[in-house]
Amino acid sequence: MKAALQLIYPPQCLACGMSVANDGSLCPACWRDCEFVSGCCCHLCGVPLPGIADAAELLTCDDCLTTARPWVSARAALVYRGVGRNLTMALKHGDRPDLAKPLGAWLAQAAAGIVVRDMAVVPVPIHPLRLMSRKYNQAALLSAQLARWHDVEHIADALRRERQTDSQGRKNLAARVENLRGAMSVHPARKRRISGRAVLLVDDVMASGATLCAAATALELAGCGPVCVAVLARAVKD
């Protein structure tokens, strides 16, 4: 049956649609242009750093030296530009939930070093009105794949949006933080399930980190254990 389906619907590149050998893969051209975060990175925000990776050394970028992060570590799978940005945007705005499985597998591999036993995996929520228009929460699709990959508990509705916020697009860091102040909380019925437990907070993109900051703060106020962050793509400065 699988062979017959592949004859009718041959595997296509996730990014450009060209024929490839296996499902969930990239063609050679898109693979070359897709920047995976596989070497040195900041242990607090996942941004790639120059140098040779050393598992025993915790590196910190300039931004994280001056900006407090309410989590203990973070990892990213891709750099948010080129093919990495195109894939992220296709999942988020292009009505491509089918991308969640392969992209979630990449994210699970990137986050392997920070996943611990009995960790709860929690996605960053979106407001119900936005969920109605988008039809799905891309962060929840990714977090479900990550939790399945590592065989840890997924609590899809642990966090909720209290209000719909303005777009973060053209705001500076201070304005982004203020825009999200008090915008998220932990669902009362889920507080017991995260109490004292390590939490892996999942989102599709980290830019300034303001959204993740609001989500992590809400988790900590509800009494969870240490928070780690995993994002599909990390925005970088030119």
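The values are calculated or read from the model by the stated rules, or taken from the named source; none is laboratory data. Model, not experiment: these values are computed from the prediction. Note that we place each Cβ from the backbone using ideal geometry, even for glycine, and neighbour counts take in every protein chain shown. Note: accessible area is taken over every heavy atom of the protein model, side chains too, but ligands, DNA and RNA are not part of it. Shrake-Rupley method; radii C 1.70, N 1.55, O 1.52, S 1.80 Å.
Restricting the count to DSSP beta bridges whose residues both fall in the chain, what percent are antiparallel, rounded to a multiple of 5?
25 percent
Of the options V202, T60, L49, report the single residue whose Cα projects farthest towards the positive end of the charge dipole of the chain (beta-carbon charges: Lys, Arg +1; Asp, Glu -1).
Farthest along the dipole direction, towards plus: V202.
On the protein heavy atoms, probe 1.4 angstrom, tell me the percent of accessible surface of the chain carried by carbon and sulfur.
Answer for the chain: carbon and sulfur cover 53 percent of the accessible area.
Only bridges with both residues in the range 107-225 count here: give the DSSP antiparallel percent, nearest 5.
For the range 107-225, the DSSP antiparallel bridge percentage is about 40.
Under 19 Å from a point 7 Å along the Cα-to-Cβ line of A29: which residues of the range 67-86 have their amide N that close?
Once the point is set 7 Å along Cα→Cβ of A29, 81-86 turn out to lie under 19 Å by backbone N, inside the range 67-86.
Explain nothing, just compute: Karplus ³J(HN,Hα) = 6.51 cos²θ - 1.76 cosθ + 1.60, θ = phi - 60°, for every residue of the range 32-45 in order, whole Hz, x for Gly and Pro.
Going residue by residue, I get 5, 8, 8, 8, 8, 8, 10, x, 5, 8, 5, 6, 9, 9 Hz, with x marking Gly and Pro.
Could you give the angle, 0 to 90 degrees to the nearest 10, between helix 210-221's Cα long axis and the longest principal axis of the Cα atoms of the chain?
Once rounded, one gets 50 degrees.
Let me check against my output: what whole-number percent is the relative contact order of the range 95-238, with C-alpha pairs under 8 Å and at least 6 apart?
Working: 259 pairs, mean separation 39.1, N = 144.
Taking the mean separation of contacting Cα pairs over the length of the range 95-238, I get 27 percent.
Which FRET efficiency value, to the nearest 0.05, is calculated for L65 and D98 with the Förster distance at 45 angstrom and r the Cβ-Cβ distance?
In this case the efficiency is close to 0.70.
Pull out the extension gain between R193 and A174, defined as 0.36 nm times the separation in residues minus the alpha carbon to alpha carbon distance; nm, one decimal.
In short, 3.6 nm is gained.
Tell me whether the range 83-129 comes out rounded, prolate or oblate; compute the Cα gyration tensor, take square roots of the eigenvalues as a ≥ b ≥ c, and use a/c under 1.5 as the rounded threshold.
Numbers: a/c = 2.71, a/b = 1.39, b/c = 1.94.
Since a/c reaches 1.5 but b/c is at least a/b, the shape of the range 83-129 is classed as oblate.
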